[in-house]
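Student: The structure that follows is given in the form of structure tokens.
The values are calculated or read from the model by the stated rules, or taken from the named source; none is laboratory data. Just so it is clear, the model here is predicted, and its values are computed rather than measured. Here the Cβ is made from the backbone with ideal geometry for all residues, glycine too, and neighbour counts use every protein chain on show.
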Amino acid sequence: MRTLTPRHRLGFTAITSAITLLVGLPVAANGDTTVDSDTATVPAPPLIDHRDNAPWTLPTRPGRCTDAQIDLGDVRACLLDTWARPAERGWGVPPEPRRDDEAWTWTGSNYNGSPALAEWETNMVGNAERISRLRTDRIEIHADAAALFHGFLDEVAHHGYEVRDGIGYSFRCTAGTGGWDCPHGASGLSFHAWGLAIDINAGANPIVTYRDADGGSACGVEMVTDMPEWVIRTAEKWGLYWGGYGWGSDCRSPDDDRSSTFRDPPHFEFRGSPDLAARIVDFNLRNDPTIGCYDVVADDGSTSLRCNREFEVEPGWRVAVDTGAPPEAIAAVVNLTATDTDDIGFLTVDDCAPRTPGIPDVSHLNYRTEGDAANMAVVPLGPEGTICVHHSSVVDALVDVIGFIVPAATDDALRITPVTPRRAEDTRGGAPLGDFSLHRSDVGADGIMLANLTTVSMDGAGFASTGDCNLFDGIPQWSNVNYSDEAARANLAVVQPDADRTLCTFTQTTTHLLIDVLAELTPDGLGIVPRAPHRVLDTRTCETGDCPGVLHGGVLRRVPMAPGAAAALANITVIGATDDTFITLAECSTFDVADDGTVAVPTTSSVNVDAGTTVANLAMTTLDADGVACLWSPVDVTVVIDVQAELSATAEHSFALVDPIRVYDGRTGS
């Protein structure tokens with residue numbers, strides 16, 4: 001099985017220009033991970049001990065952050081103390097306050113609300129949610145740094161530090177100049193004027209210049225503060241410098257020798273750039289195991305990072321997933337799974353391009369309130385190797401990559417050779433597959449196959465994974481079929497037997513297994529042309545007399561699929577079946593039709609469905625010369641068919657199989 005060189009994984013700055021934080025911001029990471037990049041490995045920092053609430057009256061500054069830590073946005077165990085004026089770091093240039101100009105109004109503590117600041121103050125945003133005792137919009141921060149400060153405040157409040165009062169944006173000069181007059185112009189403005197500083201709980205954290213009355217060092221004099229060390233370590237994790245350390249070459253530890261020291265413990269400020277703020281927030285959110293974060297793509301193609309403590313994707317979200325595709329790939333072949341939902345709905349997958357607002361016209365996977373569902377899909381890739389999963393309701397989606405569509409000249413690229421559908425395994429004549437067991441099937445071929453897998457007569461909800469026996473070492477982290485204890489389930493799969501023509505299937509719970517082989521993958525055969533899914537049949541809306549709302553049981557229906565193609569991959573959705581049944585989609589000539597027009601029951605199936613349920617499955621079918629396939633059901637059903645790919649001898653792209661890998665798990669927000 002080939003190993004493909006993946007594209008670089010998407011970084012924060014490559015996919016988003018703003019961060020949307022929902023429900024709440026993260027709590028402290030456990031600090032037990034190591035972060036790798038192309039250029040550096042940063043060791044995991046020590047744990048933040050939230051249990052010690054003793055005030056940190058004799059602080060010691062940590063070492064400055066290295067370039068590697070700054071590049072990664074991982075500043076959890078260092079001090080971000082890279083000094084430069086905000087204007088030099090990309091925060092804009094505010095107007096200079098002028099006391100003799102009526103456009104400037106001094107409130108007694110700042111110039112906030114002055115007409116001269118009308119445009120500048122559009123950069124400031126307040127906290128959208130209440131934080132501890134701070135009401136909404138109480139702490140205003142520059143929009144490009146707000147997630148740092150609001151994240152810090154939310155996290156310390158979550159761990160028990162009460163934030164009783166605070167200020168953020170305050171357009172004034174530095175405290176040493178009296179606040180209202182800037183002798184050095186805009187360069188004398190406080191960080192508060194840029195919205196890059198906050199003061200909290202000032203009453204319990206007075207600003208004081210300390211001296212040792214006995215003639216010793218002022219660095220050994222305990223400051224007055226109610227902040228434990230873990231609050232300061234949390235601030236540093238969010239890239240904030242604490243004023244309790246003092247400024248410049250002031251005391252770095254209690255052992256330093258200084259005649260005086262200036263302590264500003266209510267004050268926290270950010271000294272980096274907007275890009276660095278984005279990197280820090282992105283790193284903290286993505287590496288916090290207590291929250292779920294999702295790259296959500298809007299209809300206009302813009303992407304924002306959305307996080308919550310519930311690990312919950314909201315209805316309508318289109319979540320971007322990095323498939324790890326090689327640069328030459330144009331599409332991914334994935335297995336989709338929907339799990340943990342309280343509502344019916346569907347998943348639709350696309351290339352993350354801008355789209356017309358609204359509910360998608362097509363679906364790749366339909367699920368219900370009970371049991372999991374899985375389906376294979378061929379999905380065109382976005383320019384960075386991404387795909388997007390649209391969630392119609394609250395549901396956890398899983399994405400397992402099983403291959404890519406690549407140029408035919410690529411090493412190990414395979415083309416599809418359809419075969420007459422044959423049943424290679426049916427355990428219903430003997431014992432079922434057991435709980436957490438590995439079953440071996442002699443499928444009569446040693447090449448890679450396209451097969452329909454069906455589980456029936458299950459004893460409970462679970463999943464099945466099928467493939468080369470060498471892939472299995474314990475419980476697999478990928479699946480082909482997800483099932484419940486009530487409904488038969490089928491799913492198309494690309495599987496590779498061992499050299500002895502054996503496939504292995506892992507089952508989580510007891511079930512019978514059916515394997516229908518539809519095609520072989522070899523260097524020769526039909527190439528693949530991925531298509532944006534397009535609907536070729538919807539019996540709910542068709543106007544012809546032979547399908548008024550349903551596909552009639554026992555009647556063979558011709559379906560135009562892909563003119564000029566030899567075969568097609570299509571998603572078949574069966575909606576609200578009134579009886580337990582199955583659907584077969586195949587080349588019309590393969591059906592056994594008697595002289596009186598009756599159709600013999602096919603020996604293979606494309607979709608299995610239980611009464612009252614809606615089920616989808618990807619199917620492959622060869623086509624008649626005019627690009628038509630035939631559809632058959634033993635009972636009346638409502639059917640929708642969406643073509644995802646065409647197969648032809650002249651197609652320039654082929655299939656490249658990879659070891660199955662889970663690239664997205666909505667249950668963990670990654």
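Student: What are the residues in segment 63-102 that are assigned to a loop (DSSP other than H, G, I, E, B) and surrounded by 19 or more Cβ atoms within 10 Å (Cβ to Cβ), if any?
Tutor: Let us first name the residues in segment 63-102 that are assigned to a loop (DSSP other than H, G, I, E, B), namely 63, 65-66, 73-78, 80-85, 90-102.
Once the filter is applied, which keeps residues that are assigned to a loop (DSSP other than H, G, I, E, B) and surrounded by 19 or more Cβ atoms within 10 Å (Cβ to Cβ), segment 63-102 yields Cys65, Gly73, Asp74, Val75, Arg76, Ala77, Cys78, Leu80, Trp91, Pro94, Pro97.
Student: Say whether the condition of being among the charged types (D, E, K, R) and not in a loop (DSSP other than H, G, I, E, B) is met by at least one residue in segment 631-645.
Tutor: Within segment 631-645, the first condition is being among the charged types (D, E, K, R), and the residues that meet it are 636, 642.
Then drop every residue that is not not in a loop (DSSP other than H, G, I, E, B), which leaves 642.
Yes, there is a match, as at least one residue in segment 631-645 is among the charged types (D, E, K, R) and not in a loop (DSSP other than H, G, I, E, B).
Student: Pull out all pairs, ordered by first then second residue, where Cβ-Cβ is under 7 Å, the residues are six or more apart or on different chains, the first lies in segment 264-290 and is in contact (Cβ under 8 Å) with a residue 60 or more places away in the chain and surrounded by fewer than 23 Cβ atoms within 10 Å (Cβ to Cβ), and the second is of a type in the set (D, E, K, R) and in a helix (DSSP H, G or I).
Tutor: Correct list of pairs: Ser273/Arg89.
Student: Is segment 472-483 home to any residue that is of a type in the set (D, E, K, R) and within 29 Å of the chain's Cα centre (by Cα)? Walk me through how you get there before you give the answer.
Tutor: First, the residues of segment 472-483 that are of a type in the set (D, E, K, R): 473.
Checking the rest, the ones that are also within 29 Å of the chain's Cα centre (by Cα) come to 473.
Yes.
Student: Considering (1) surrounded by fewer than 21 Cβ atoms within 10 Å (Cβ to Cβ); (2) out of contact with any Ser or Thr (no Cβ under 6 Å at 6 or more places or on another chain); (3) assigned to a strand (DSSP E or B), say which one Thr209 fails and leave the rest.
Tutor: Here Thr209 meets the rest and fails (2).
Student: Moving to a separate point now. Only strands (runs of 3 or more DSSP E) wholly contained in segment 318-388 count here; list those with 1 or more residues that are aromatic (Phe, Trp, Tyr) and surrounded by 24 or more Cβ atoms within 10 Å (Cβ to Cβ). Write out each step before concluding.
Tutor: On the way: elements: 318-322, 331-339, 345-350, 365-367, 373-380.
Answer list for segment 318-388: 365-367.
Student: How many of the residues in segment 495-525 are among the aliphatic types (A, V, I, L, M) and either more than 30 Å from His653 (Cβ to Cβ) or touching a His at 6+ places or on another chain (Cβ under 7 Å) (or both)?
Tutor: Narrowing segment 495-525 to residues among the aliphatic types (A, V, I, L, M): 495, 499, 503, 513-515, 517-519, 521.
With the extra rule that they be either more than 30 Å from His653 (Cβ to Cβ) or touching a His at 6+ places or on another chain (Cβ under 7 Å) (or both), the set shrinks to 513-514.
Result for segment 495-525: 2.
Student: Restricting the search to segment 105-127, which residues are part of a loop (DSSP other than H, G, I, E, B), in contact (Cβ under 8 Å) with a residue 60 or more places away in the chain and not hydroxyl-bearing (Ser, Thr, Tyr)?
Tutor: Selection gives Trp106, Asn110.
Student: What number of residues in segment 343-358 are farther than 15 Å from Val297 by Cβ and under 20 Å from the mean Cα position of the chain (by Cα)?
Tutor: The total comes to 2.
Student: Here are some conditions: (1) farther than 23 Å from Asp524 by Cβ; (2) assigned by TED's automatic domain parsing to the domain that holds Cys542. Glu587 meets all but one. Which one does it not meet?
Tutor: The failed condition is (1).
Student: Does any residue in segment 132-145 that is within 13 Å of Gly195 (Cα to Cα) come within less than 7 Å, Cβ to Cβ, of a residue that is among the acidic types (Asp, Glu) six or more places away or on a different chain, and which pairs are these?
Tutor: none
Student: Still on this model: Condition first: among the polar types (S, T, N, Q), modelled with pLDDT under 50 and assigned to a loop (DSSP other than H, G, I, E, B). Can you find one or more residues in segment 37-48 that meet it?
Tutor: Among the residues of segment 37-48, at least one is among the polar types (S, T, N, Q), modelled with pLDDT under 50 and assigned to a loop (DSSP other than H, G, I, E, B), which makes the answer yes.
Quick grid of which residues meet (1) of a type in the set (Gly, Ala, Ser); (2) more than 32 Å from the chain's Cα centre (by Cα); (3) in the same structural domain as Gly168 (by TED's automatic domain parsing):
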residue	(1), (2), (3)
Thr105	no, yes, yes
Tyr111	no, yes, yes
Ser114	yes, yes, yes
Glu121	no, yes, yes
Glu129	no, no, yes
Leu134	no, no, yes
Asp137	no, no, yes
Phe152	no, no, yes
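Student: Here's something else I'd like to know. Name every residue in segment 249-282 that is outside any strand (DSSP E or B) and among the basic types (Lys, Arg), in order of residue number. Working first, answer last.
Tutor: First, pick out the residues of segment 249-282 that are outside any strand (DSSP E or B): 249-259, 264-266, 271-282.
Within segment 249-282, Arg252, Arg258, Arg271, Arg279 qualify.
Student: Only residues that are under 25 Å from Thr522 (Cα atoms) and free of Cβ contacts under 8 Å to residues at least 60 places away in the same chain: list them for segment 468-512, please.
Tutor: Taking segment 468-512 and keeping what is under 25 Å from Thr522 (Cα atoms), we get 468-472, 478-481, 490-505.
If the condition is that a residue be under 25 Å from Thr522 (Cα atoms) and free of Cβ contacts under 8 Å to residues at least 60 places away in the same chain, then Cys469, Asn470, Phe472, Val495, Pro497, Asp498, Ala499, Asp500, Arg501 are the ones that fit.
Student: Here's something else I'd like to know. Tell me, please, whether a residue that is in the same structural domain as Cys469 (by TED's automatic domain parsing), under 20 Å from Thr604 (Cα atoms) and over 31 Å from the mean Cα position of the chain (by Cα) can be found in segment 434-441. Steps first, please.
Tutor: Our first condition is that a residue be in the same structural domain as Cys469 (by TED's automatic domain parsing); within segment 434-441, this holds for 434-441.
From the residues that got through so far, the ones that are under 20 Å from Thr604 (Cα atoms) too are 441.
Filter again for over 31 Å from the mean Cα position of the chain (by Cα), leaving 441.
Scanning segment 434-441 turns up at least one residue that is in the same structural domain as Cys469 (by TED's automatic domain parsing), under 20 Å from Thr604 (Cα atoms) and over 31 Å from the mean Cα position of the chain (by Cα).
Student: I'd like to know if segment 390-406 contains one or more residues that are in the same structural domain as Ala490 (by TED's automatic domain parsing), buried (at least 16 other Cβ atoms within 10 Å of the Cβ) and closer than 15 Å to Gln496 by Cβ.
Tutor: Of segment 390-406, the ones in the same structural domain as Ala490 (by TED's automatic domain parsing) are none.
So far as segment 390-406 goes, no, none of its residues is in the same structural domain as Ala490 (by TED's automatic domain parsing), buried (at least 16 other Cβ atoms within 10 Å of the Cβ) and closer than 15 Å to Gln496 by Cβ.
Student: Out of Leu513, Leu453, which single residue is closer than 25 Å to Leu585 by Cα, at pLDDT 90 or above and either surrounded by fewer than 24 Cβ atoms within 10 Å (Cβ to Cβ) or of a type outside the set (D, E, K, R) (or both)?
Tutor: Numbers: Leu453 fails: at pLDDT 90 or above.
Going through Leu513, Leu453 in turn, just one is closer than 25 Å to Leu585 by Cα, at pLDDT 90 or above and either surrounded by fewer than 24 Cβ atoms within 10 Å (Cβ to Cβ) or of a type outside the set (D, E, K, R) (or both): Leu513.
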